[in-house]
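Trainee: Below is the structure I would like to discuss, written out as structure tokens.
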Amino acid sequence: MKSNKGESRRSQSVRNIARGGALFGGALLSILLLVAWLDWNWGREIFSHICHQKGDRCLILGGAALPVCARCFGIYLGIVLGCVGQLFLDLRSRLTSTALWAVAVGATFANGLDVLLELMHVYTNLLSLRFVLGLCLGAAVALFVLCRAITPSLPNQNGCSNRLPSEVS
Amino acid sequence: MTEDPEIVNLDECPIKPALLSGGAVSFVLTLFPLSYAVCCLPLVIGGFVATTTFVSKYRIRVEIKVGMKVAILSCLAGSGASTTLYDLLWVAFDYRIGLKWYLELLSNFAQSAPESSRDKLLESIDVLKSQKIGFGVVVQQALTVIVTSGIGGAIGGAVASSLFKKGSLAQ
């Protein structure tokens, strides 16, 4: 009974984190889309400190470029999709730790390789590839964080004590 | 999966050392306009360092919200301090850190950019050159520090808190 209660509280805690991530991420995406749609220079200037904003590397919305590049936008969208995926599909109980590591490392490596190949002029400015790789990285990071999240413990749970460090020593 | 049986009181783990280390990294990495080349990575690294310092110093594991809080606060401190120093040098000596390098970078971008975005880039170079510090600029910088620290710190702190899972649970 206690175990079920603990499990339920843990899963509720992860759901809350995923909900928060989806909400904040969604708000950020909305702001980015609004800044592009209204062609708001002030907003563009704020986001210039977290992205290079090279025009040819940004997705275009209604004739105006987004204030962050395709990879950054993909990462933010990926984080939101990862959080939504956890909310509705409960991926925490389905994905193993090995799978999470493999996906996270794979997505990071793929993005690094893309940057390297561009620097070596193997290909130039593949906007859709950059967006998709960013999307994969964002989703992978969100799932990695949510599925490995440390959740609060129930007081006096089996095997736990509420002793403080001073009492322990 | 077994859990460490002890629970540590979070109030007994001051975040000052973590703020100092994460803030120092954020300060150094945001002082120069690196973000134009590596996006929010400097602040993600700063936040990651802060939360890692926090969990390793007290040998604890923390919930995501705690890791994110420590990381965001350290990023705010670090990038806030670098912005303040930038403004002080701007006001006192009319010198802007990294501006020359940034203008060169933008000019290079403009040369290789398609015609549609070239004009906008050239326009932004002119705006940057003629920009004067004032209330509007300071408000914009404050918003920038909050937004960038929020994004970078949240990502760095969340990753660090889910990566290090050894030690007593602090709550």
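The values are calculated or read from the model by the stated rules, or taken from the named source; none is laboratory data. These numbers were taken from a predicted model, which means no experiment stands behind them. Note that we place each Cβ from the backbone using ideal geometry, even for glycine, and neighbour counts take in every protein chain shown.
Trainee: What about residue A:70, is it within 11 Å of another protein chain (Cβ to nearest Cβ) and under 16 Å from residue A:33 (Cα atoms)? Outline the logic, then answer.
Mentor: Values: within 11 Å of another protein chain (Cβ to nearest Cβ): no; under 16 Å from residue A:33 (Cα atoms): yes.
In short, no.
Trainee: To continue, here is another question. Taking the stretch A:26-51, which residues are hydroxyl-bearing (Ser, Thr, Tyr) and part of a helix (DSSP H, G or I)? Show your work before the answer.
Mentor: The initial filter retains those residues of the stretch A:26-51 that are hydroxyl-bearing (Ser, Thr, Tyr), namely A:30, A:48.
Answer for the stretch A:26-51, where residues must be hydroxyl-bearing (Ser, Thr, Tyr) and part of a helix (DSSP H, G or I): just A:30.
Trainee: Give the residue that is nearest to the chain's Cα centre (by Cα), with candidates limited to residues of the stretch B:45-69 that are over 17 Å from residue B:20 (Cβ atoms) and assigned to a helix (DSSP H, G or I).
Mentor: Just the residues of the stretch B:45-69 that are over 17 Å from residue B:20 (Cβ atoms), to begin with: B:59-66, B:68.
After this cut, where a residue has to be assigned to a helix (DSSP H, G or I) as well, the list is B:64-66, B:68.
Details: B:64: 18, B:65: 18, B:66: 17, B:68: 13 Å.
By that ranking, first place goes to B:68.
Trainee: Shifting gears a bit: For residue A:137, are the conditions met, namely being over 27 Å from residue B:112 (Cα atoms) and either surrounded by fewer than 21 Cβ atoms within 10 Å (Cβ to Cβ) or more than 9 Å from chain B (Cβ to nearest Cβ) (or both)? Outline the logic, then answer.
Mentor: Working: over 27 Å from residue B:112 (Cα atoms): yes; either surrounded by fewer than 21 Cβ atoms within 10 Å (Cβ to Cβ) or more than 9 Å from chain B (Cβ to nearest Cβ) (or both): yes.
So residue A:137 passes the test.
Trainee: Where the second residue is of a type in the set (Phe, Trp, Tyr) and in a helix (DSSP H, G or I) and the first is at negative phi and lies in the stretch B:41-58, which pairs have Cβ atoms under 9 Å and are six or more apart or on separate chains?
Mentor: Listed by first residue and then by second, the contacts come to B:46/B:27.
Trainee: Tell me which of these residue A:160 doesn't satisfy, since it passes every other one: (1) farther than 23 Å from residue B:163 by Cα; (2) hydrophobic (A, V, I, L, M, F, W, C); (3) modelled with pLDDT under 85.
Mentor: Residue A:160 satisfies every listed condition except (1).
Trainee: Does residue B:70 count as surrounded by 21 or more Cβ atoms within 10 Å (Cβ to Cβ) and modelled with pLDDT under 95?
Mentor: On the way: surrounded by 21 or more Cβ atoms within 10 Å (Cβ to Cβ): yes; modelled with pLDDT under 95: yes.
So residue B:70 fits the description; yes.
Trainee: Something else about it: Looking only at the stretch A:55-67, decide whether some residue is among the small types (Gly, Ala, Ser), crowded, with 18+ Cβ neighbours inside 10 Å, within 13 Å of chain B (Cβ to nearest Cβ) and part of a helix (DSSP H, G or I).
Mentor: The answer is yes; a qualifying residue exists.
Trainee: Please determine whether any residue of the stretch A:93-100 is within 12 Å of chain B (Cβ to nearest Cβ) and within 15 Å of the chain's Cα centre (by Cα).
Mentor: Within the stretch A:93-100 (the criterion being within 12 Å of chain B (Cβ to nearest Cβ) and within 15 Å of the chain's Cα centre (by Cα)), the answer is yes, since at least one residue qualifies.
Trainee: Okay, next question. Filter the stretch B:73-90 for residues that are under 26 Å from residue B:100 (Cα atoms) and buried (at least 17 other Cβ atoms within 10 Å of the Cβ) and give the result. Give the derivation first.
Mentor: First, pick out the residues of the stretch B:73-90 that are under 26 Å from residue B:100 (Cα atoms): B:75-90.
Matches in the stretch B:73-90: B:75, B:76, B:77, B:78, B:79, B:80, B:81, B:82, B:83, B:86, B:90.
Trainee: Quick check on this structure: which one of B:118, B:96 is more than 17 Å from the chain's Cα centre (by Cα), surrounded by 14 or more Cβ atoms within 10 Å (Cβ to Cβ) and part of a helix (DSSP H, G or I)?
Mentor: Working: B:96 fails: part of a helix (DSSP H, G or I).
Among B:118, B:96, only B:118 is more than 17 Å from the chain's Cα centre (by Cα), surrounded by 14 or more Cβ atoms within 10 Å (Cβ to Cβ) and part of a helix (DSSP H, G or I).
Trainee: I need a count of the residues in the stretch A:49-105 that are of a type in the set (A, V, I, L, M, F, W, C) and out of contact with any Gly (no Cβ under 8 Å at 6 or more places or on another chain). Let's see the steps before the verdict.
Mentor: Initial filter on the stretch A:49-105 (of a type in the set (A, V, I, L, M, F, W, C)): A:50-51, A:58-61, A:64-66, A:68-70, A:72-73, A:75, A:77, A:79-81, A:83-84, A:87-89, A:91, A:95, A:99-105.
From what is left, the residues that are out of contact with any Gly (no Cβ under 8 Å at 6 or more places or on another chain) are A:51, A:58-61, A:64, A:66, A:68-69, A:84, A:87-89, A:95, A:99-105.
Selection size over the stretch A:49-105: 21.
Trainee: With the checklist (1) of a type outside the set (Ser, Thr, Tyr); (2) under 28 Å from residue B:137 (Cα atoms); (3) away from chain A (no Cβ under 13 Å) in hand, flag the one item residue B:50 doesn't pass.
Mentor: Result: residue B:50 passes all but (2).
Trainee: Just to be sure before I move on: is residue B:171 modelled with pLDDT under 85 and facing another protein chain (nearest Cβ under 10 Å) in the structure I sent?
Mentor: yes
Trainee: Name the single residue, out of those in the stretch B:30-44 being in a helix (DSSP H, G or I), surrounded by fewer than 20 Cβ atoms within 10 Å (Cβ to Cβ) and modelled with pLDDT under 80, that is nearest to the other protein chains (Cβ to nearest Cβ).
Mentor: Going residue by residue through the stretch B:30-44, those that are in a helix (DSSP H, G or I) are B:30-31, B:35-38, B:41-44.
Of the ones still in play, those that are also surrounded by fewer than 20 Cβ atoms within 10 Å (Cβ to Cβ) are B:31, B:37-38, B:41.
So of that shortlist, the ones also modelled with pLDDT under 80 come out as B:37-38.
Numbers: B:37: 6, B:38: 9 Å.
That would be B:37.
Trainee: Moving to a separate point now. Within the stretch B:14-29, restricting attention to residues that are surrounded by 21 or more Cβ atoms within 10 Å (Cβ to Cβ) and more than 11 Å from the chain's Cα centre (by Cα), which residue is farthest from residue B:107 (Cα to Cα)?
Mentor: B:18
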